[in-house]
1. Calculate, axis by axis, the spread of Cα positions in segment A:117-227 along the three principal axes, and write the results as whole Å, longest axis first.
2. Based on the mean of other Cβ atoms within 10 Å per residue, sort peptides A:155-166, A:282-293, A:428-439 so the most packed one is first.
3. Give me the distance in nm between label points sitting 7 Å out from Cα along the Cα-to-Cβ direction at A:Ala355 and A:Val388, one decimal.
4. About its Cα centre, what dipole magnitude does the protein assembly as shown give when the only charges are +1 on Lys and Arg Cβ and -1 on Asp and Glu Cβ, stated in debye to the nearest 20?
5. Put a dot 7 Å past each Cα toward the Cβ at B:Val61 and B:Ala18; how far apart are the dots in nm?
6. Tell me, A:Leu398, A:Leu341, A:Leu20 in order of fewest to most beta-carbon neighbours within 10 Å?
7. Evaluate the distance, in nm, between pseudo-label points positioned 7 Å from the Cα of A:Ser380 and of A:Leu67 along their respective Cα→Cβ axes.
8. Which whole number gives the average count of other chain Cβ atoms within 10 Å of the Cβ atoms across peptide A:323-332?
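None of the figures in this text is laboratory data; all of them are computed from the coordinates on show. Fair warning: this is a prediction, and the values are worked out from it, not measured in the lab. Positions of Cβ are generated from backbone atoms using ideal geometry, with glycine treated the same way; all protein chains shown enter the neighbour counts.
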Amino acid sequence: MQPYELSLADAARAVAAGELSPVELTDSVLERIESVEARLQAYVTVAAESARKAAARAEQEIARGRLRGPLHGIPMGLKDLIDAAGLPTTASSRVRADHVADGDSAVAARLSAAGAVLLGKTHTHEFAYGLTTPQTRNAHDHSRVAGGSSGGSAVAVAAGEATFALGTDTGGSIRVPAALNGVVGLKPTYGLISRQGVTSLSWSLDHVGPLTRTVRDAELVLAALDGRDRREPGGVSAVPESGDLTGLRVGVPRNYYFERVSPEVEESVRRAIGQLQELGAELVEVEIPMTRYIQAVQWGLMVPEATSYHEGTLRSTPDLYAADVRILLEAGEFVSAGDYLRAQRARTLMRDAWAQMLGRVDVIVAPSVPMTAVESGQDSVRWADGTVEAVSDSYVRLSAPANITGVPALTLPVGRDHAGMPIGMQLMGRPLDEATVLRAGRAYEVAAARSDAGAGQLAPVAA
Amino acid sequence: MDTAGLTPQEAARTALRAGLPLESDRHEAVAATANHIHSVIATLRELDFRDTPPATSFMAVTAVTAVTTGQGDTDAAV
């Protein structure tokens, strides 16, 4: 096994044991980038020289006995909406062609303090306003979409071009590409992780979170982002490896989440739910509230907020936006204050209804996306009930509720379809109860590892 | 203003009022997209909100104050 293939936890263990140096690990990942990046296009910018210098500094510190924690010397990528001092934050847009960040975002500063090595900036759907990331190719099948908007981060992690990465999630932009590329993605509770220095799509829906190869890895990154690694020096409390879920009440939706979902996705997720039950979890049927209004609330918040953010550049340099993003920003000018306030009031109702539902169960389990990665250029999908849905609407449909309600939501791989494309399962929990969501995900991951090839495998991209 | 059935000409006029001059070849497409967004968002008019307040939050404590008091640097909760 090459160093670039290691999960974060395994790499951290090897670094701490003196079996692997940060320089060896970073060089291995940079070589992997060189060999596959021309086909995948996960990165906007690769900062190889500064990454090698950071790895050398980490190596010297660790050699002097100053290991900062599990992220020390681990190479990672940042979605190109996240400021890192001295590097452009292009948002994958010509609008930002001349931008250079004059300081670190809060999350970049946290990762830097934890000793992580910044490899570069990963592609996003332009300004995060889309679900495909057209510049980037799916790690498992280059003819298919990467998913978005954190497509570059997901593909980089899936293909061994980063040991972990950060993304942002406004309507599913961490979970969608993570699911489509067979990696783990965590959207933490709204407000848990600082968004300072992160380009916004929609202030009231934006979240920052990790994309990793395992649930365990997501836990390690989250601990660095929310500061637990500083409060608990010497180690982040590990999720128990035993995987016993006795006493855990798992809500299985009877409506919404399994409607207009491909049979292969439903079969894999229901099999994984059965696995949670075998681990001791109690399955409880739940009714998802206010589903008729999910898309209306999501759009009622996101569309005018995005237009407001871009007010200046939409007037000064409209031709620099991609056509799909420009027209959404322009049309957002027509959403009234009354529309926006109705969306905010409906959000209050939805949040309260979800709190009631989450009073009866500990987590809710569902598919992450209704279908696996579609071919690039495919605009719509026809469902068995005869309805036709835009691909972007389909990908956001099962993710948006967690953005509206702010609850933590994790996606992890639970199978493949007939073409070998990854299928993701979503676990949602109570606000600030990431621990329970991660515990359930980790238990599944450990159990699944015993029965098949296991978590953390890279996408089969030939070097 | 109700944007249901917004015509291209109305879209152009309304955009201009918002300080966004639209070139003539964009009027029709922008009106169509705006009408589609409106058709989705208008569903919320079915709800009886009674006294429900918006979910937006206002924090009288600024980030500067939070720093001086040693409070966390997370953002406002929903």
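1. If we take the Cα atoms of segment A:117-227, the spans are 38, 29, 22 Å.
2. Listed from highest to lowest mean packing, they are A:155-166, A:428-439, A:282-293.
3. 4.3 nm
4. 700 debye
5. It works out to 3.6 nm between the two label points.
6. By the 10 Å Cβ count, ascending, the order reads A:Leu341, A:Leu20, A:Leu398.
7. According to this spin-label approximation, the distance is 5.7 nm.
8. Across A:323-332, the average partner-chain Cβ count within 10 Å equals 4.
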